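Following: one structure in structure tokens, then a few remarks.
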Amino acid sequence: MKLGDRLKAERERKGWSQIFVAEKVGITNTVLSNYERNYRDPDTDTLRKLADLYEVSIDYLLGREISGVDNDQDIQFIMRARKDLSPKAYERFMKLARDMKKSFEEEDD
């Protein structure tokens, strides 16, 4: 699967139109259509914006990562928390996540 195919698949998975995505990213829908048809490749900044919008990694869009999108969304969620929260709040977030994981593991025993 090529980059354009993945871009189109992610947009359709979200149920979004080309016009909606193009407006969010700051390009025209003609440019997005060219990306999705593999006529052109986005520049790095646009590729980053598309990956953020679709909540997947750039590596996934480029076909360098085979893992499922659900895993990418979980990773993106954690990475956004790391970026958006203060270092102290992020550490509390991670401690809570670790404690919950441990609790669930103990319940499974």
Matching residues, region 1-24, being within 10 Å of Leu50 (Cβ to Cβ) and surrounded by fewer than 15 Cβ atoms within 10 Å (Cβ to Cβ): Lys24
Does Arg13 fit the bill of being outside any loop (DSSP other than H, G, I, E, B), closer than 30 Å to Leu96 by Cβ and not assigned by TED's automatic domain parsing to the domain that holds Lys95? yes
State which residue pairs qualify: first residue under 18 Å from Arg82 (Cα atoms) and inside region 92-109, second residue part of a loop (DSSP other than H, G, I, E, B) in any location, beta carbons under 7 Å apart, and separation of 6 or more residues or different chains. Phe93/Leu85
Taking only pairs six or more apart or across chains, which ones have beta-carbon atoms under 7 Å, a first residue in region 56-79 that is over 24 Å from Arg40 (Cα atoms) and surrounded by fewer than 14 Cβ atoms within 10 Å (Cβ to Cβ), and a second residue that is of a type outside the set (Gly, Ala, Ser) and at pLDDT below 80? none
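The values are calculated or read from the model by the stated rules, or taken from the named source; none is laboratory data. Since the model is a prediction, treat every value here as computed from it, not as a measurement. Methodologically, a virtual Cβ is constructed for each residue, glycine included, from the backbone with ideal geometry; neighbour enumeration extends over all protein chains shown.
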